[in-house]
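Just below is one structure, and these are the notes that go with it.
The values are calculated or read from the model by the stated rules, or taken from the named source; none is laboratory data. Not measured: the values here are computed from a predicted model. A quick note on method: Cβ atoms are made from the backbone with ideal geometry, for glycine too, and the neighbour counts reach across all protein chains shown.
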Amino acid sequence: MTDPVRIEGSVALVTGANGGLGSAFCRALVDRGAASVRAGARNPATVTEAGVMPFALDLTDRDQIARAAHDHPDVTLLVNNAAAMMPVPLIGADSLEHARHEMEVNYFGTLELCRAFAPVLASNGGGAIVNMLSVTSWYTPAAYGSYAVSKAAALSMTNGIRAELEEQGTLVVAVHASVIVADATDGKVSRREVARLALDAVEQGTTEVLADERSRAVKASLSGESVQ
């Protein structure tokens, strides 16, 4: 079992930091006293959260990922929030273009970041990785088929790197949520709440977060009938 990681005084790197949940993660980290928050985005000029350090990061660009690890050798917390989501089915889509892009970002890009920063985290005492997943990691709705497949792959990858990085003391947290909104309503969870729960897990040494009612219900149903 890996140890909890304190947010206060940490050096955090957040991907997909230019709005939405990425901005919420950045704000929560700043509010909890992180020593530095590095905010990665394809266009760093779109990062508007105060108190963070924007930099260019495209998960489909291996050179940018390698440069990020080189330029940020003091990172102790990696938050993999960036993702691609295309509302297309598996069979009915016009081509495999969207499916390939989702896999490139949600699986390969996230794995590439984990691989690049694993030695950085090891050299800084272990640290933690937070992978933002989805309720569709566990089931595949027809309308979002290829996205669900990419998130299922990301979940399996997250479990694998957790086992692999345990020896170096790196905590790996999987965060699942359904519909994330600006302000919580009707069973939907807010961005601020997802960020809070994820960072609470880091500080408590918890490896899984079920951020909303839908995620908890789907996880509970896995041993029963299939989810519709």
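Among the residues of region 168-209, which ones are of a type in the set (Lys, Arg) and assigned to a loop (DSSP other than H, G, I, E, B)?
Passing the criteria: only Lys188.
Pick from region 4-21 the residues that are free of Cβ contacts under 8 Å to residues at least 40 places away in the same chain and under 19 Å from Ala45 (Cβ atoms): which of them is surrounded by the fewest Cβ atoms within 10 Å (Cβ to Cβ)?
For region 4-21, the residue satisfying everything is Gly19.
If you scan region 174-227, which residues turn out to be touching a residue at least 12 places away in the same chain (Cβ under 8 Å) and among the charged types (D, E, K, R)?
Residues satisfying the conditions are Lys188, Arg191, Arg192, Glu193, Arg196, Glu203, Glu208, Asp212, Glu213, Arg214, Lys219.
May I ask you to list pairs of residues, at least six apart or on different chains, whose Cβ atoms are under 8 Å apart, with the first in region 50-61 being of a type in the set (D, E, K, R) and the second being surrounded by 15 or more Cβ atoms within 10 Å (Cβ to Cβ)?
These pairs meet every condition: Asp58/Arg42; Asp58/Gln64.
Identify all residues within region 168-190 that are more than 30 Å from Pro119 (Cα to Cα) and either touching a strand residue (DSSP E or B) at 6+ places or on another chain (Cβ under 7 Å) or loosely packed, with under 15 Cβ neighbours inside 10 Å (or both); write none if there are none.
Residues satisfying the conditions are Val179, Ile180, Val181, Ala182, Asp183, Ala184, Thr185, Asp186, Gly187, Lys188, Val189, Ser190.
Give me the residue from region 22-46 that is among the polar types (S, T, N, Q) and assigned to a helix (DSSP H, G or I) and, out of that set, surrounded by the most Cβ atoms within 10 Å (Cβ to Cβ). Working first, answer last.
Narrowing region 22-46 to residues among the polar types (S, T, N, Q): 23, 36, 43, 46.
From what's left, assigned to a helix (DSSP H, G or I): 23, 46.
Values: Ser23: 22, Thr46: 12.
This residue is Ser23.
Please determine whether any residue of region 6-16 is in a loop (DSSP other than H, G, I, E, B), touching a helix residue (DSSP H, G or I) at 6+ places or on another chain (Cβ under 6 Å) and either modelled with pLDDT of 95 or more or closer than 19 Å to Leu133 by Cβ (or both). Steps first, please.
If we filter region 6-16 for residues that are in a loop (DSSP other than H, G, I, E, B), which is where we start, we get 6-10, 15-16.
Add one more test, that the residue is touching a helix residue (DSSP H, G or I) at 6+ places or on another chain (Cβ under 6 Å), and what stays is 7, 16.
From what's left, either modelled with pLDDT of 95 or more or closer than 19 Å to Leu133 by Cβ (or both): 7, 16.
Yes, because at least one residue in region 6-16 is in a loop (DSSP other than H, G, I, E, B), touching a helix residue (DSSP H, G or I) at 6+ places or on another chain (Cβ under 6 Å) and either modelled with pLDDT of 95 or more or closer than 19 Å to Leu133 by Cβ (or both).
Inside region 71-167, counting only helices (runs of 4 or more DSSP H) that do not spill past its ends, which hold 3 or more residues that are under 13 Å from the mean Cα position of the chain (by Cα) and either surrounded by 15 or more Cβ atoms within 10 Å (Cβ to Cβ) or without any contact (Cβ under 8 Å) to a residue 24 or more places away in the chain (or both)?
110-123, 145-165
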